[in-house]
1. Please enumerate the residues belonging to the stretch 86-135 that are more than 28 Å from residue 1 (Cα to Cα) and touching a Ser or Thr at 6+ places or on another chain (Cβ under 7 Å).
2. Quickly run through the stretch 141-158 and pick out the residues that are in a loop (DSSP other than H, G, I, E, B) and either on the phi > 0 side of the Ramachandran plot or charged (D, E, K, R) (or both).
3. Name every residue in the stretch 126-135 that is over 9 Å from residue 164 (Cβ atoms) and modelled with pLDDT under 95, in order of residue number.
4. Residue check, residue 160 against (1) touching a His at 6+ places or on another chain (Cβ under 6 Å); (2) at pLDDT below 95, all met but one. Which one?
5. Look through 26, 43, 6 and report the one residue that is closer than 18 Å to residue 105 by Cα and either among the aromatic types (Phe, Trp, Tyr) or modelled with pLDDT under 95 (or both).
6. So which of 90, 106 ends up being free of Cβ contacts under 8 Å to residues at least 40 places away in the same chain, of a type in the set (A, V, I, L, M, F, W, C) and not in a loop (DSSP other than H, G, I, E, B)?
7. Is it the case, given these coordinates, that residue 34 is open to solvent by 20 Å² or more (accessible area, probe 1.4 Å), farther than 27 Å from residue 124 by Cα and in contact with a Phe, Trp or Tyr (Cβ under 9 Å, 6 or more places away or on another chain)?
8. For the stretch 73-91, what are the residues that are open to solvent by less than 20 Å² (accessible area, probe 1.4 Å), over 15 Å from residue 41 (Cα atoms) and touching a helix residue (DSSP H, G or I) at 6+ places or on another chain (Cβ under 8 Å)?
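The values are calculated or read from the model by the stated rules, or taken from the named source; none is laboratory data. Remember, predicted model here, so these are calculated numbers, not experimental data. So basically every Cβ, Gly included, is an ideal-geometry build from the backbone, and we count neighbours across all protein chains shown. Surface accessibility is based on the protein's heavy atoms, side chains included, excluding ligands, DNA and RNA. Shrake-Rupley method; radii C 1.70, N 1.55, O 1.52, S 1.80 Å.
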Amino acid sequence: MKKIQFTKGCPNQCSYCYETAEMEYFNPDIPKDNQIRILDMNFLSNPNLYWIFDKLPKREYELVCGIDYRRLNQTIANKLKEKNFIKIRWAWDYSFCEQKKHYKVWRMLKKAGYRSKDLSVFVLVNWKIPYSDCVKKLDLLKVWNVKVNDCCFDGGYKRAKPKYWDIQDIKRFRRMCRKHNQMVLFKIDPELK
């Protein structure tokens, strides 16, 4: 699977993210491979987004870093589906109180033709959002039948050091996400004997 990049940087400057605010734009050649991963940290922030959509030949595209839900509208959701973007991900990094915003994103993507099981949400672990809020997100994403990509704020689970959560909650949430995704994918608990 080939990798390309249209932008470097992100204008959002979220406090937990290392990406630079300095934006660079590229016009890469599109490989002839059938599957292409796009590495942009914030693909939807590109001012030439619709031009890029028009330029993309028939391939299968995956946005590795997901989409910025704040920049999504129904036209863009439809374009993503039309241009064969797969495994759509978006981040729910802030409070559970934002559930209506994320419900709107889910509805737009469903209206564009994505199945719930083709979607997943990044949830930030061991950051300022409490463990209890993240568990509520999991419960709601279960109702939507959407997978979770749990991301440990401080560099991954193997090196996780308690910062905002204790180590037991970090490990417990990891297990809960694994179980959640199994239930979404298989509709049963495949580990149950």
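1. The answer is 129, 133.
2. Narrowing the stretch 141-158 to residues in a loop (DSSP other than H, G, I, E, B): 145-146, 153-158.
Scanning the stretch 141-158 gives 145, 154, 155, 156, 158.
3. Passing the criteria: none in range.
4. (1)
5. When all the criteria are applied, what remains is 43.
6. 90
7. no
8. Pass one, the stretch 73-91, residues open to solvent by less than 20 Å² (accessible area, probe 1.4 Å): 76-77, 80, 85, 88, 90.
From what's left, over 15 Å from residue 41 (Cα atoms): 76-77, 80, 85.
If the condition is that a residue be open to solvent by less than 20 Å² (accessible area, probe 1.4 Å), over 15 Å from residue 41 (Cα atoms) and touching a helix residue (DSSP H, G or I) at 6+ places or on another chain (Cβ under 8 Å), then 76, 77, 80 are the ones that fit.
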